[in-house]
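Student: One structure, as structure tokens, below. Some questions next.
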Amino acid sequence: MDNGASSYRRFLEGDEDGFIEIVRDYKDGLMLYINSFTNNIHIAEELTEETFVKLALKKPRDSKKSSFKTWLYTIGRNTAIDYLRKNSKLQKIPLEECPELTSDEESVERAYIKEENKLILHRAMQCLKPEHRQILWLIYFEGFSNKDAGKIIGKSTHNTETLVYRARLSLKAELDKEGYIYENL
Amino acid sequence: MKTYKEMAEDALRRAEKQKLTNAKRKKLFARAAVSVFCFAAAVTCIDIWQNAPVSEMPPEITTLGTESREQNTTVKPKEKPEQKKVITSFPANAVCSYIAPGNGEYLCFIEVNEARKKYAGQDVVFLLAVDIFSEAENGEPHLREVSDEEKAAEYKRLADDGFDFYEVTYWDYQGEEARKVYHTALAAELTEEQLQGFKPSEKYGYTFRFITNGDSSGINDDKINAVTNFHTPFIV
């Protein structure tokens, strides 16, 4: 049983510290994943909190078919998609026009991604299609297997592998453009 | 950006608030469901009662309540036609405002016309208020007030012409506390043939309408007294 699951079990038994531990361990990663949908770190923060509210309110029983983290990211993804559906008509403002957004995103990014190489990778991912950005985040930064990432995004393992392959090619092309060579890609 | 502690505390607080809101909503929904059920049951009962054959209704007849009314009207118990259903109200899908009919003209309110269409060919009578208007002389566009004496004479003429008039009771809400207050009014029981063949006097205009209670329900046709002698004043 991973830490998230044991913390969640404690929370279900009435220990609020279990919930605080979950937020501590998963807040930043989940926020950056949701940011790959919203492209706005403040909205991503709100949706991350919303995901935790759902967890605290509904106290859903973990299905045990996948890890707690996979399950939490699935709830986060659904929350982000719901938000995008409801707000599809909102006007999008380019990131460059909101310097405070960029700096907030960078500070979360720096706190979560320690390695310099991965930071370069993450920034190159911003130019990819949302679908590619999302799957690469799950695989490269959260360490999910293709199978678990497939569960989160609702695709079969085979389709997920194909998506990862295409996303990798796009990322490579993007890095080439910038003159970076990333050996582990 | 929030720290993990702030986010955890906010999430727990929001979840708690949401739980309370959900509980309130559930309570409200339960109350609304009970109210809707009671209302539906009441409407069904009223519908069954209103559609019951006339012969099943109690033959209760009330007398006039005040001395002045006894002086002003001669009342005899109504002899109801056994088979005829009395239509006292009808729902209309529109709200209309009317221009008072000119002398020698008459009109039926929309709900009366709807009821006439609905019961066409059936042996029913309509219990209607007959309002009397009169245009001002010398071509002025205004209506002049028809005196009680003139009304009495005209109702008498109509009664002689075959109109059956009754005194009926209806209620409305009055005052700040919306108390139910009962009133009396004069109503004619008319068949479709009488409405079609109505001959207005050249001196007056007429409207035919249902008399309704404060909640728009039809009046109770149990408490009807037939009126044959018309004196003033008339409470319509």
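Student: Would you calculate the separation in nanometres between label points at B:E6 and A:K58, each defined as 7 Å from the Cα along the Cα-to-beta-carbon direction?
Tutor: The answer from the label model is 2.8 nm.
Student: So for each of B:19-28, A:27-36, A:142-151, B:155-164 I average, over its residues, the number of other beta carbons within 10 Å; can you give me the resulting order with the highest mean first?
Tutor: A:27-36, A:142-151, B:155-164, B:19-28
Student: Could you compute the FRET efficiency for B:L28 and A:L12, with r as their C-beta to C-beta distance and R0 at 30 Å, rounded to 0.05? Intermediate results must be reported in sequence, preceding the final value.
Tutor: On the way: r = 29 Å, r/R0 = 0.97.
Between B:L28 and A:L12 the formula returns 0.55.
Student: OK, next. Between B:D164 and residues 5 or more places away or on another chain, which pairs have amide H atoms under 5 Å apart, with H built 1.01 Å from N, and which residues are they?
Tutor: Under 5 Å from the amide H of B:D164: B:E189.
Student: With a cut-off of 20 Å, note down the residues of the stretch B:179-219 whose backbone N falls inside the zone around a label point 7 Å from the Cα of B:I46 toward its beta carbon.
Tutor: Flagged as within label range: B:179-185, B:209-219.
Student: Checking understanding here: applying a Kyte-Doolittle mean of at least 0.0 and a length along the axis of at least 18 Å (C-alpha), which whole DSSP H helices in chain A pass?
Tutor: TM-like helix candidates: A:41-58.
Student: Based solely on its DSSP helices, what 222 nm [θ] is calculated for chain A when runs of n ≥ 4 H residues each add -39,500 (n - 2.57) and the sum is averaged over all residues, nearest 500 deg cm²/dmol?
Tutor: -23000 deg cm²/dmol
Throughout, read-outs are computed from the coordinates displayed, never taken from laboratory work. Source: prediction; values computed, not measured. Cβ sites come from the backbone with ideal geometry, for glycine too, and all protein chains shown count toward neighbours.
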